[in-house]
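What follows is calculated from the coordinates using simple rules that are stated; it is not laboratory data. Note that this is a predicted model, so its numbers are computed, not measured. Don't worry about glycine lacking a Cβ; one is built from the backbone with ideal geometry, like all the others, and counts go over all protein chains shown.
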Amino acid sequence: MRERHINAILLAGLLATALAAWGLDQPFTITLATKVAILALAGVGLNITLGLGGMISLGHAAFFGIGGYAMGILASHAQNYTPLMEAPLLIEGTKSMPVIWLVAIVSSALAALVIGALSLRTTGAYFIMVTLAFGQMLYYFAISWPAYGGEDGLSIYVRNGFPGLNTLDPIQFFGLCFVLLCLVLLFVARLGRAPFGLALMAARQVPARVEAVGLSPYRLQLVAFVLSGAITGLAGALFADLNRFVSPAMFSWQTSGEIMVFVILGGVARLCGPVAGAALFILLEHWLGALSEFWHIYLGALLLIVVLFARGGLIGQIAKAEAAHD
Amino acid sequence: MSSLLLFEQVLNGLQLGVMLFLMAAGLTLIFGVMGLINLAHGSLYMVGAFAAAAVAGATGSFLLALAASLAAAAAAGAVIEVGVIRRLYDRDHLDQVLATFALILIFSEGTRWIFGSFPLFLDVPDYLSGPVTLPGGIQYPLYRLVIILAGLVIAAGLFLLIGRTRIGIQIRAGEADREMIAALGIDITRLYTLVFALGAALAGLAGALVGAIQSVQVGMGEPVLILAFVVIVIGGIGSVKGAFIGALLVGLTDTLGRSFLPGLFGLFMEPSAATTVGSALASMAIYILMAGVLLFRPKGLFGVA
């Protein structure tokens with residue numbers, strides 16, 4: 001089967017699941033589908049660095065968390081009617097999703113710029129350890145900063161609004177997340193074929209030749225890292241809105257690991273790999289979680305098997321004939 | 001008073017530092033010799049602590065508990081090396097990260113399954129508890145002092161092992177050229193298992209020693225693992241000397257930052273804001289230190305450029 005077809009089936013399947021659940025009046029299933037869309041979005045972000053760029057970032061929870069806190073901070077100020085800042089200029093909190101998304105994207109992109117600029121001075125195993133460490137730094141910062149809930153996190157009582165939609169209705173919120181996911185997938189698909197994407201992939205394969213044609217691998221990778229951080233940050237804002245809750249756990253190393261697991265279970269450098277991976281993860285959590293409190297053991301075993309024996313993930317197994325776009 | 005407090009905090013920093021060294025030394029050896037990044041090292045730390053707590057609970061002997069932590073962590077290390085890790089040496093770092101992440105999940109949930117979710121407690125034995133008076137009239141807990149000394153003795157032993165013994169020569173040769181030493185008739189597979197078990201034993205011992213001053217619980221290993229990564233980035237991968245210097249730097253920066261930064265900010269800020277900013281900054285101090293090292297020495301202080 002061709003990868004293009006698998007992608008279409010995956011997205012259609014996700015949409016159909018949510019619509020069917022809507023028809024059968026099962027809001028919990030819609031929420032699960034929404035969770036899949038959001039986590040897939042986070043994975044799509046990571047897949048730009050991991051798949052296209054070949055940079056193993058184990059710190060993407062940093063951006064996921066920043067997106068979450070962008071939502072939490074803005075919305076908590078709005079719900080308490082306290083301004084975010086009074087001097088030198090008055091900034092009010094907001095409950096409007098588009099504004100929150102913009103803030104989440106810009107702030108996680110800025111964080112990715114700083115973290116990326118430092119981390120990309122290293123390669124290989126160093127890069128993994130450094131990104132992991134910066135993620136942990138933000139985790140401890142979120143815990144020790146009492147203004148926004150510290151260790152307890154922040155609760156937002158009413159989901160933020162989007163002009164013209166009732167976001168409290170699960171299917172409408174799902175629709176919003178699904179459309180965002182599709183738009184980002186379209187963007188990433190274009191990115192992979194654009195000169196930038198080709199140069200980025202070349203910088204992963206043979207950095208010396210990229211340099212020889214006058215491009216800077218460092219800059220290419222940094223731009224990719226920033227794009228990737230911004231997308232994961234957007235996913236973080238959506239995830240916080242889904243739960244109406246943010247906590248330092250969004251910054252934890254487990255979150256980084258899990259986002260990476262979505263990408264791997266689905267297939268690295270596959271456009272819709274994260275969608276397949278996130279769906280599989282949520283299904284496993286749902287089924288195995290019902291079977292046993294200790295379902296992470298089975299997840300670990302499955303992951304080991306995928307890494308040791310089934311390289312290429314789900315999509316890699318189905319679309320064997322077609323190589324990942326690298 | 002201030003200089004007494006400073007001295008006490010320096011000792012606390014040293015104690016954290018030598019424990020981090022036990023973790024980082026194993027990690028850096030494993031990376032240097034086998035080229036493997038091992039996220040599951042924190043799980044071995046946890047295994048050591050749980051083994052010690054279980055044996056201490058059953059027998060009441062702290063020394064037996066320490067022996068158990070060494071044995072259990074070394075055994076767990078050898079088992080995962082033979083079962084899983086061995087297949088990863090020729091893989092890229094991504095596969096290593098994922099497989100060892102999977103091992104963390106299995107170890108953590110497995111431990112929760114066996115021991116339950118509640119923390120265990122490992123008590124400091126009577127003959128090591130209570131304070132001692134150091135020259136200058138400082139009261140300091142005897143157990144922490146023993147940890148520092150034990151850590152320094154193990155560090156010295158490790159340097160001797162690597163620098164002066166036949167096995168150390170093989171380990172260093174393995175870092176330099178693995179095919180060559182295999183050609184010289186050294187069983188490289190056995191050597192790898194040995195190095196991995198050695199690193200695991202050090203981590204397990206650290207877990208048991210620290211477990212007696214903190215609680216023994218699932219997930220205790222990963223924060224320490226990440227600190228050990230910071231140590232390695234600062235010290236340079238593959239360098240045991242770098243790990244030692246890096247560990248002490250990180251231990252001292254963290255401890256001194258936490259105890260003095262809030263006060264330092266109090267000099268020019270109002271107290272409540274100073275506590276907030278100071279403690280938030282203190283929690284980030286070691287990562288800022290790491291960022292500084294990355295700016296000037298991307299390969300770490302003792303890494304080969």
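Please compute the average number of Cβ atoms from other chains found within 10 Å of each residue's Cβ in peptide A:250-258. The per-residue average across the peptide is 3. Report the charge-dipole magnitude of segment B:2-218 in Debye, nearest 20, computed about the Cα centre from +1 at each Lys and Arg Cβ and -1 at each Asp and Glu Cβ. So the dipole magnitude of segment B:2-218 works out to roughly 220 debye. The length gained on full extension between residue B:146 and residue B:121, counted as 0.36 nm times the residue separation minus their Cα-Cα distance, comes to 7.1 nm. For segment B:49-113, a Kirkwood hydrodynamic radius built from all Cα pairs, placed in the Stokes-Einstein relation at 4 °C and 1.567 mPa s, yields a translational diffusion coefficient of 98 µm²/s. Convex hull volume of the C-alpha atoms in chain A, normalised per residue: 150 Å³. Calculated [222 nm] ellipticity per residue, helices only, for the protein assembly as shown: -24500 deg cm²/dmol; basis is -39500 (n - 2.57) per DSSP H run with n ≥ 4, divided by all residues, nearest 500. Within segment A:195-311, the ratio Rg/Rh, alpha carbon atoms throughout and Rh by Kirkwood, equals 1.06.
Computed over the alpha-carbon pairs of segment A:232-274, the distance histogram in 5 Å steps reads 6, 20, 22, 25, 17, 8, 1 percent, short to long.
Expressed as a rounded percentage, what relative contact order does segment A:3-318 have, with Cα pairs under 8 Å and six or more residues apart?
Working: 525 pairs, mean separation 105.7, N = 316.
Reported relative contact order: 33 percent.
In percent, rounded to a whole number, the relative contact order of segment B:2-218 is 42, using alpha-carbon pairs under 8 Å and six or more apart.
Hey, can you rank B:66-72, B:279-285, A:36-42 by average C-beta count inside 10 Å, highest first?
On the way: B:66-72: 21.4, B:279-285: 19.9, A:36-42: 28.4.
My ranking of the peptides, most packed first, is A:36-42, B:66-72, B:279-285.
Once you list every other residue whose beta carbon is under 11 Å from the beta carbon of residue B:16, what net charge do they have if Lys and Arg are +1 and Asp and Glu are -1? Working shown, then result.
Numbers: positive: B:144, B:258; negative: B:254.
For residues surrounding residue B:16, the net value is +1.
For segment B:2-218, the C-alpha radius of gyration sits at 1.10 times the compact-globule guess of 2.2 N^0.38 Å, with N the residue count.
Pairwise alpha-carbon distances in the protein assembly as shown exceed 41 Å for 27% of all pairs.
How big is the Rg/Rh ratio for segment A:1-148, C-alpha atoms only, Rh by Kirkwood, two decimals? Walk me through the intermediate numbers first.
Details: Rg = 18.9 Å, Rh = 18.0 Å.
Radius of gyration relative to Kirkwood radius: 1.05.
Computed from the Cβ-Cβ distance with R0 of 45 Å, the FRET efficiency linking residue A:317 to residue B:215 stands at 0.55.
Count charges around residue A:221 for me, please; just the other residues with Cβ under 13 Å from its Cβ, Lys/Arg as +1, Asp/Glu as -1.
Its environment carries a net charge of +2.
Available extension along the chain between residue A:85 and residue A:202 is 37.6 nm, counting 0.36 nm per residue and deducting the alpha carbon span. Distance between the 7 Å Cα→Cβ label points at residue B:172 and residue A:293: 5.2 nm. The Cβ shell under 15 Å around residue B:105 holds other residues with a net charge of -4, Lys and Arg each +1, Asp and Glu each -1.
Quick check: from the Cα gyration tensor, does segment A:124-256 come out rounded (a/c under 1.5), prolate or oblate? The shape class here is oblate. Placing unit charges on each Cβ (+1 for Lys and Arg, -1 for Asp and Glu) gives segment B:2-119 a dipole about its Cα centre, and among B:69, B:27, B:114 the Cα reaching farthest toward its positive end belongs to B:114.
For the segment A:298-305, counting C-beta atoms of other chains within 10 Å of every residue's C-beta and taking the mean gives 5.
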